[in-house]
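So the structure is just underneath, and the comments pick up after that.
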Amino acid sequence: MDFGLYLWTTLGAFLTLAIFSFLYKDNPFYKIAEHLVVGVSAGYFAVILWHNGLSPNLFQRLNDGNWYFLWMDSTAPWYLIPAILGIMMYTRFSKKWAWVSRWPMALYIGIATGVAIPLEMGARVNRQLFAIMERSIDWANFFGVGGFNLLDTASGLSQLIVFVGAMAALIYFFFSKEHTGLFGATAKFGIWILMIGFGASFGYTVMARISLFINRIQYIDNNWLQNGLNTGITPIEGYHAGYAVIFWLVVLIVVGYIIREIMTYLKTKEKSA
Amino acid sequence: MDLFEKLMKLDRRWIFLFLIVVCVLSYAIDFYVPILVEPESQKIYDYVENLEEGSIVLIAIDYDPNNMAELHPMTYAMVEHCWRKKVKVIFTSLSQNGPGMADQAIRDISDSLALDRTYNGVEFKGREIVNGVDYCFLGYKPYYALVILAMGQDFRLPFPSDYYGNPLDSLPMMVGTHNYGDVDLVVDVSGGNITDAWISYGQSRFNFTLALGLTGVMTAQYYPYLGSGQVHGIMGGLLGAAQYEQMCDNAGLAIDGMRIQLAAHVVIIFFIVMGNIGLLLERRRLKREGGI
């Protein structure tokens with residue numbers, strides 16, 4: 001790792017610590033990191049959009065024309081139509097001309113709706129309904145592969161749970177009849193099914209959040225500490241002990257700030273007592 | 001004030017600190033955590049394993065750096081598996097921040113495949129991974145739903161040239177490869193609602209085999225598509241990535257993270273149980289005092 005790369009890695013480690021410092025409380029380090037993320041993302045997106053959208057899809061298609069003829073002499077002048085529609089969108093910034101932006105917006109929404117409705121209905125409603133209606137319980141493989149395997153989605157038991165669960169959850173959302181008696185009991189079972197579903201989502205969400213933290217620990221250790229402090233398998237070219245000073249400086253700044261905050265907090269508490 | 005009362009009034013920052021200490025300690029201490037492979041991940045692995053040499057898999061890297069922790073290990077494990085089997089890969093990225101990460105993954109995996117290694121007892125000779133022969137990286141185009149639909153007609157419609165500026169027809173593996181009909185498997189590794197578009201505009205319209213690699217937050221909501229047969233298999237979160245790494249005998253960052261996951265989950269479950277006991281005791285006390 002050369003010095004330049006080491007500095008970037010150090011910056012990455014510093015920003016990681018800065019973001020996590022929010023867990024203690026809102027602070028200037030967190031603010032710097034937060035603003036940097038927003039700024040870099042917006043800048044990166046603008047460049048990506050130019051190179052992957054506007055440039056190849058519009059300007060490169062018109063590039064055999066002359067810009068001072070407004071590309072009207074291009075072999076593909078019809079690409080000016082979406083360009084004009086795009087420019088019309090910006091009239092939203094003027095109160096007087098804002099109505100013009102409704103035309104491209106109407107066209108866009110019309111096309112998107114036309115494309116989306118049949119496909120969305122087919123994939124997310126009809127296919128799901130068919131899957132429940134066509135499902136027949138597999139009695140031969142009722143307990144799943146290997147005896148009793150609840151993870152086997154093809155087992156008869158899994159299919160039965162899905163069918164009964166789907167019906168019960170749907171009944172819970174049926175409000176035209178009072179939830180009493182057998183109907184009420186089924187609706188209550190439906191709530192349990194929904195709660196299990198939310199529980200599964202919560203469990204996965206916890207795993208996802210911890211995964212983000214794990215990745216940062218791995219980054220700080222593998223990319224920064226091991227390389228930066230020259231304790232890794234690969235020695236650093238041109239490494240000298242001065243690099244470690246940068247590391248300890250960053251740590252000192254963050255730790256110093258946290259200690260100062262704690263002292264301020266304790267003093268305020270003392271005064272209020 | 002008893003223990004539960006104290007826990008109920010505990011500043012949440014102590015819990016964060018405790019969790020950080022547990023995570024760092026479990027990272028520092030290396031211990032073995034068994035990984036149970038679920039059928040939905042196994043199905044993806046088996047599908048790729050049974051592909052013939054020269055088959056084509058389309059992998060969509062539809063995630064941003066904020067999902068990298070969970071999804072990058074999945075991409076690494078899956079692409080390496082494909083290239084070891086000499087299966088060709090078409091990459092695309094329908095998320096605007098994805099191309100840079102996809103490019104990085106391609107370079108890293110190409111480097112690791114240059115070495116001789118043994119996986120699952122089978123020796124693999126190191127080989128050079130060549131752009132246009134082993135893979136084609138299409139890059140990014142905005143408006144993912146339209147791009148997915150256009151690729152169903154011809155990859156050349158949204159992507160006349162690849163990410164590096166080479167016309168698609170100049171790449172040997174793309175000669176005769178026009179649309180999803182020429183691809184054996186589509187894998188969407190995604191951290192957002194692009195997955196919905198792959199299901200609605202891609203799979204249901206063009207009827208190809210679709211496998212998903214998802215973040216943990218998204219996984220539970222896509223299981224109905226597995227049951228209906230619209231999706232062939234799902235890898236969910238870091239666990240899904242670890243399962244794939246285990247099946248490939250290619251331990252990476254996901255397997256490395258599982259012992260931290262275990263420790264962190266134990267801590268969280270402990271606090272949830274304690275919090276609930278505390279809440280019940282508090283309620284009972286209030287009831288006794290006539291508060292509720």
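Return the loop-located GluC sites (Glu not before Pro) in region A:102-184 (DSSP other than H, G, I, E, B) with at most 16 other Cβ atoms within 10 Å of their own Cβ; answer none if there are none.
Details: sites: A:Glu120, A:Glu134, A:Glu178; in loops: A:Glu134, A:Glu178.
Answer by residue number: A:Glu134, A:Glu178.
Kindly provide the chymotrypsin sites (Phe, Trp or Tyr not before Pro) of region A:96-156 that DSSP labels as loop, not H, G, I, E or B, and whose Cβ sees at most 11 other Cβ atoms within 10 Å. Write out the running numbers ahead of the final one.
On the way: sites: A:Trp97, A:Trp99, A:Tyr108, A:Phe130, A:Trp139, A:Phe142, A:Phe143, A:Phe148; in loops: A:Trp97, A:Trp139, A:Phe142, A:Phe143, A:Phe148.
Taking region A:96-156 and a limit of 11 other Cβ atoms within 10 Å, the loop chymotrypsin sites (Phe, Trp or Tyr not before Pro) found are A:Trp139, A:Phe148.
Given the pairs B:Lys6/B:Lys287; B:Lys43/B:Lys125; B:Lys43/B:Lys88; B:Lys85/B:Lys141; A:Lys25/A:Lys267, which are separated by over 21 angstrom at their Cα positions? Let's see the in-between values first.
Working: B:Lys6/B:Lys287 19 Å; B:Lys43/B:Lys125 26 Å; B:Lys43/B:Lys88 19 Å; B:Lys85/B:Lys141 29 Å; A:Lys25/A:Lys267 17 Å.
Where the Cα-Cα span goes over 21 Å, the pairs concerned are B:Lys43/B:Lys125; B:Lys85/B:Lys141.
Which shape class, rounded, prolate or oblate, goes with chain A when its Cα gyration tensor gives a ≥ b ≥ c as root eigenvalues, a/c under 1.5 marks rounded, and past that a/b bigger than b/c marks prolate? Before the final figure, lay out each step's value.
Details: a/c = 1.89, a/b = 1.12, b/c = 1.68.
It comes out oblate by the Cα gyration axes.
Roughly how tilted is helix B:12-28, in degrees to the nearest 10 and between 0 and 90, from the longest Cα axis of chain B?
Roughly 50 degrees, rounded to the nearest 10.
For B:Phe124, which sequence-distant residues (separation of 5 or more, or a different chain) have an amide H within less than 5 Å of its own amide H, given hydrogens modelled in the peptide plane?
Residues meeting the amide H criterion: B:Arg117, B:Thr118, B:Tyr119.
If we count GluC sites (Glu not before Pro) as exposed when they sit in a DSSP loop and have at most 13 other beta carbons within 10 Å, what is the longest stretch of chain B that avoids them all? Present the calculation step by step, with values, prior to reporting the outcome.
Values: sites that count: B:Glu52, B:Glu53, B:Glu128, B:Glu289.
In chain B, the maximal stretch lacking such sites is B:129-288.
Can you tell me which of B:188-197, A:110-119 comes out highest on packing, and rank the rest after it, using the mean Cβ neighbours within 10 Å? Please report the intermediate quantities before stating the final value.
On the way: B:188-197: 23.1, A:110-119: 12.6.
My ranking of the peptides, most packed first, is B:188-197, A:110-119.
Suppose every K and R has +1 on its Cβ and every D and E has -1 on its Cβ; what is the size of the dipole of region B:39-251 about the Cα centre, in Debye to the nearest 20? Could you put the intermediate results ahead of the total?
Numbers: 12 positive and 25 negative charges, 52 e Å.
Once rounded to the nearest 20, the dipole reads 260 debye.
If you take every DSSP beta bridge whose two residues both sit in the protein assembly as shown, what share of them, in percent to the nearest 5, is antiparallel? Let's see the in-between values first.
On the way: 4 of 28 bridges.
Antiparallel bridges: around 15 percent, rounded to the nearest 5.
Output the 0 to 90 degree angle, nearest 10, between the alpha-carbon long axis of helix B:237-248 and the longest principal axis computed from the alpha carbons of chain B.
Taking the Cα atoms of chain B, the angle to B:237-248 is about 50 degrees.
Test of the criteria: in region A:76-110, which trypsin sites (Lys or Arg not before Pro) are in a DSSP loop and have at most 11 other Cβ atoms within 10 angstrom of their Cβ?
Values: sites: A:Arg92, A:Lys95, A:Lys96, A:Arg102; in loops: A:Lys95, A:Lys96.
Sites meeting the loop and neighbour criteria: A:Lys95, A:Lys96.
Tell me, what is the percent relative contact order of region B:39-251, built from C-alpha pairs under 8 Å that lie six or more residues apart?
Values: 405 pairs, mean separation 58.7, N = 213.
Once divided by the residue count of region B:39-251, the mean separation gives 28 percent.
Cα gyration tensor of the protein assembly as shown, axes a ≥ b ≥ c as square roots of the eigenvalues: rounded (a/c below 1.5), prolate (a/b > b/c) or oblate?
Values: a/c = 1.36, a/b = 1.15, b/c = 1.19.
Taking the square roots of the gyration eigenvalues as a ≥ b ≥ c, the protein assembly as shown is rounded.
Angle check, please: helix B:68-84 long axis (alpha carbons) against the longest principal axis of chain B (alpha carbons), in degrees 0 to 90, nearest 10.
Here the helix axis deviates by roughly 40 degrees.
Could you please rank B:Arg127, A:Arg216, placing first whichever residue has the fewest other Cβ atoms within 10 Å of its Cβ? Write out the running numbers ahead of the final one.
On the way: B:Arg127 15, A:Arg216 18.
Fewest-to-most Cβ neighbours within 10 Å comes out as B:Arg127, A:Arg216.
With a ≥ b ≥ c taken as the square roots of the eigenvalues of the C-alpha gyration tensor of chain B, please select rounded if a/c is under 1.5 and otherwise prolate if a/b is larger than b/c or oblate if it is not? It would help to have the intermediate numbers written out before the result.
On the way: a/c = 2.61, a/b = 1.90, b/c = 1.37.
Verdict is prolate for chain B.
Evaluate E = 1/(1 + (r/R0)^6) for B:Asn166 and B:Val122, where r is the Cβ-Cβ distance and R0 equals 30 Å; express this FRET efficiency to the nearest 0.05.
Numbers: r = 33 Å, r/R0 = 1.10.
After rounding to 0.05, the efficiency reads 0.35.
Could you grab the relative contact order for chain A? Cα pairs under 8 Å, six or more apart, rounded to a whole percent.
Value for chain A: 15 percent.
Which of the helices in chain A meet the span-like rule: DSSP H, Cα axial reach of 30 Å or more, Kyte-Doolittle mean at least 0.5?
Result, helices passing both filters: A:28-49, A:181-218, A:242-272.
Could you work out the mean count of beta carbons from other protein chains within 10 Å of each residue's beta carbon in B:195-206?
Working: counts 0, 3, 4, 1, 5, 10, 5, 2, 2, 9, 5, 0.
Other-chain Cβ atoms within 10 Å of each residue's Cβ, averaged: 4.
Residues of B:224-232, mean number of Cβ from any other protein chain within 10 Å of their own Cβ, rounded to a whole number?
5
Specify which residue in the list B:Ser204, B:Leu281, B:Gly165 is farthest towards the positive end of the charge dipole of the protein assembly as shown, using unit charges on the beta carbon of Lys, Arg (+1) and Asp, Glu (-1), about the Cα centre.
Projecting each Cα onto the dipole axis, the largest value belongs to B:Leu281.
Read the figures in this text as sums done on the coordinates, not as results from a lab. Bear in mind the structure is a predicted one, so any value in this text is a computation, not a measurement. Don't worry about glycine lacking a Cβ; one is built from the backbone with ideal geometry, like all the others, and counts go over all protein chains shown.
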